[in-house]
Amino acid sequence: MASEAERAQAAASTRNAWLLSTPALVLLFCAAAGPLLIVLVYSFLAKGDYGGVAWNFSTDGWVGILFSRDIFDDTLQLADAHLTIFWRSVKISLLTTLITFALGFPTAWFIATRPPKARAMWLFLITIPFWTNLLIRTFAINEMIRNEGVVNSFLQGIGLISEPIRMINTDLAVLIGMTYVYLPLMVLPLFAAIDRFDMRLLEAGYDLYASRLQVLRHVILPIVKPGIVAGSILVFVPSLGAYVTPRVLGGGKNMMIGNFIELQFGQGRNWPLGAALSIALLLIVMIALIFYVRAATKGSNPHG
Amino acid sequence: MREGPRFLLLNRIGCTQYDQNIRKMKTHDRGDLLAETAAIMAKGVTKAFGQGETVVRALDNVSCEIRTGEFFTLLGPSGCGKTTLLRLIAGFEMPTDGQILIDGQDVTGQPPNKRAVNTVFQSYALFPHLSVAENIGFGLRMKGIARAEIDRTVKEMLALVKLEAMAGRRTSQLSGGQQQRVALARALAPRPKVLLLDEPLSALDLKLRKEMQVELKRLQTETGITFVFVTHDQEEALTMSDRIAVMSAGRIQQLGAPREIYTRPRNRFVASFIGDTNFLGATGVPGGAKLGSGQVIAVDTGGKGGQITLAVRPEHVEITTPDAEGAIPAEVHGSVYFGTDMNYQIALADGSEIEACVQSGVTGEAQIDRGAKVGIRFAPGSVLMLED
């Protein structure tokens, strides 16, 4: 039974713990919850004439996500351009996730099966891109794939092609850039999962009449699934909101949601729409994640 | 005295000697069994690891036959090649040289999933993402067996290893002994021609190990499947096996029934690895062997003269009075209490020491004092000449 002194001590330690975490809590509120609240409020206001917001309640921002008001008769029409941007964003993000997985899984497997010393070296190499600014890395890719870039110059130089292959300012360029940028985010969680994988299970699988492909499908993939889920989330979520890469490599036309939101706060001068788009993106990502995690962990834990 | 394994010495025991052993076995031991009925046949199998200077021969020209339906044990210290031989049979390793036949079929180049053998791994290697029942059904599922058939077999297997109540559990929720049973059921479910067991009991505590020994023997009898069991535990090998192959330094040193291996060890390694043995240096003389201390004892030396090595088990050494008939004078140097037995260290006149094992008395006190002058005699027929 707890004595009076013990209870007092426990209360004091709880108080101290709260006190110690106060700076972090304040920061979290100011930097995350607060701004999010402001964005939410803005999404329900009318747009100001020169940007900013007018303090009148309005759902125009939310309606504007899917519909645009006709300039002449003020009727609502489905905004095809918006839908195209959403679809492109989802498509590129999904493709980025798939490609980084396809490239990242063998890479992670390779690293995890190296001797410990070599493993540290490979992991270190994987993190090198993080040392350079994202913008600079993206411009470097631009330099590689633009019409007069390294790749085209080389291919033309050796006479393989006569006209440059047009890659810059296409969805392909955005995809290449995103794959490059987010690959480490896929490799690292996959490596962590594969590193924990008991390689002796491979022999058990082969011994029980599974072919190499069946071992991959029925033994390896289900067991490293937590790593696949984590990697996919780490790649898909920032991909969907990507801004720099589509801007630099996709040009003005191949916009993604991130660029579209920026446009509303800048040239578009439609802050409520931008705010509504941001909140919508957040909700979509959250819902998608809930479904994805549910589906991915189904069957792997009966108590989950 | 108790002897440790002498690997270096035994490196010299060639394959020719072993081949002779096989031939001998074929004539009187194998009886009417034909070579075609062997569940497993290894023909001149060599497995070398590493390259150039550092090449290590884990198996050196090993040949043996494992009969259909028998409980066959590969026994030896770690690094003797027993696990390598098992892995070659399973298909996890490919031999550097030689052939492996399963049920008369040459499977040398085939991958594990094409071989009708299953393995119970030392670590069990159960699939953590599958339930007990799914683990057991895995092999059948990979073989493409129909769902209903799988369910039926899994049920049978669960009953066989007495785990019906655990069918839906995760393997991580089971105790070591239960995991062991799942591993067994999983390997038995596809009804392999041969079940390979890689030191499956080494992770269990003593009591559970004893239980599982009985259990394994029961499973083998009930299923009629050929078991190839790898162990370094001589007692386990003696109690469970129909036949034992004692291995050392990549070679089979002796192959035979447990009783034969224990009572008639061929060489110094087998004699010292299986049970305790006294080794005595002697000279072959007509009618027996002359010990260093001068006594001549009756041994079948096959007419061999010169330096020979004799072996006698401690329990066959009788301690008597110095003036008893045929006794070799000796002196007691010490005694160790082992519960049921009492071991005496005894020095002969020429300084060689031997050990005698007698049943301990009711009090467990030493019956013979240290320094006592005694005589020792060997039980008739208990002294063997080794092929060293």
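Observations, loosely collected:
- Highest-fluctuation residue, B:Glu353, B:Glu134, B:Glu53 considered, GNM on chain B with Cα pairs under 10 Å: B:Glu53
- Isotropic mean projected area of the C-alpha convex hull, chain B (nm²): 23.3
- Computed from backbone phi with θ = phi - 60° and the Karplus coefficients 6.51, -1.76 and 1.60, the 3J(HN,Hα) list for the stretch A:191-196 is 4, 4, 6, 5, 4, 7 Hz; x is used for glycine and proline.
- Chain B: angle of helix B:206-223 to the longest principal axis, Cα-based, in degrees nearest 10: 60
- Selected from B:Gln213, B:Gln105, B:Gln51 as most flexible by GNM, with chain B as the system and alpha-carbon contacts under 10 Å: B:Gln51
- Taking a straight Cα-Cα cut-off under 18 Å and skipping sequence neighbours fewer than 8 places away in the same chain, the lysines within cross-link reach of A:Lys253 are A:Lys91.
- Seen against the Cα atoms of chain B and their longest principal axis, helix B:147-160 is set at about 30 degrees.
- For the stretch A:80-297, the Kirkwood estimate of hydrodynamic radius, built from reciprocal distances between every pair of different alpha carbons, is 19.4 Å.
- Counting only DSSP H runs of at least 4 residues, each contributing -39500 (n - 2.57), and dividing by the residue count of the protein assembly as shown, the helix-based mean residue ellipticity at 222 nm comes to -13500 deg cm²/dmol.
- Phi to ³J(HN,Hα) by Karplus 6.51 cos²θ - 1.76 cosθ + 1.60 over the stretch A:61-76, Hz, x for Gly, Pro: x, 5, 4, x, 4, 10, 10, 10, 7, 5, 5, 8, 9, 6, 7, 8
- Percent of Cα pairs in the stretch A:2-78 per distance bin of 5 Å, from zero to the largest separation: 3, 12, 11, 12, 11, 8, 7, 6, 6, 6, 5, 5, 3, 2, 1, 0.
- Eligible lysines near B:Lys373 by straight Cα distance, threshold 29 Å, same-chain separation 8 or greater: B:Lys290
- Near the amide H of B:Val299, within less than 5 Å, lie the amide hydrogens of B:Gly288, B:Ala289, all on another chain or at least 5 residues away, with H placed in the peptide plane.
- The angle between the Cα long axis of helix B:132-142 and the longest principal axis of the Cα atoms of chain B comes to about 70 degrees, rounded to the nearest 10.
- Taking amide H atoms as placed 1.01 Å from N in the peptide plane, the amide H of A:Val53 lies under 5 Å from those of A:Gly48, each 5 or more residues away in sequence or on another chain.
- Taken about its Cα centre, the stretch B:167-207 carries a charge dipole of about 280 debye when Lys and Arg each add +1 at the Cβ and Asp and Glu each add -1 at the Cβ.
- For the stretch A:124-136, 3J(HN,Hα) per residue [Karplus equation, 6.51 cos²θ - 1.76 cosθ + 1.60, θ = phi - 60°, Hz, x = Gly/Pro]: 4, 4, 4, 8, 4, x, 5, 6, 10, 4, 4, 4, 5
- Most mobile of B:Gly91, B:Gly339, B:Gly281 in a GNM of chain B (Cα contacts under 10 Å): B:Gly339
- Bridging of B:Lys210 to lysines at a Cα separation below 27 Å is possible for B:Lys82, B:Lys155, B:Lys162, B:Lys193, once same-chain residues fewer than 8 apart are set aside.
- When both the stretch B:337-388 and the stretch B:172-249 are represented by their alpha-carbon centers, they are found 35 Å apart.
- Sequence-distant residues sharing a close amide H with B:Thr68 (under 5 Å, placed H): B:Ala39
All of the numbers you see were taken from the coordinates with simple rules; none came from a lab. This is a predicted model, so every value here is computed, not measured. Note that each Cβ is placed from the backbone with ideal geometry, even for glycine, and that neighbours are counted across all protein chains shown.
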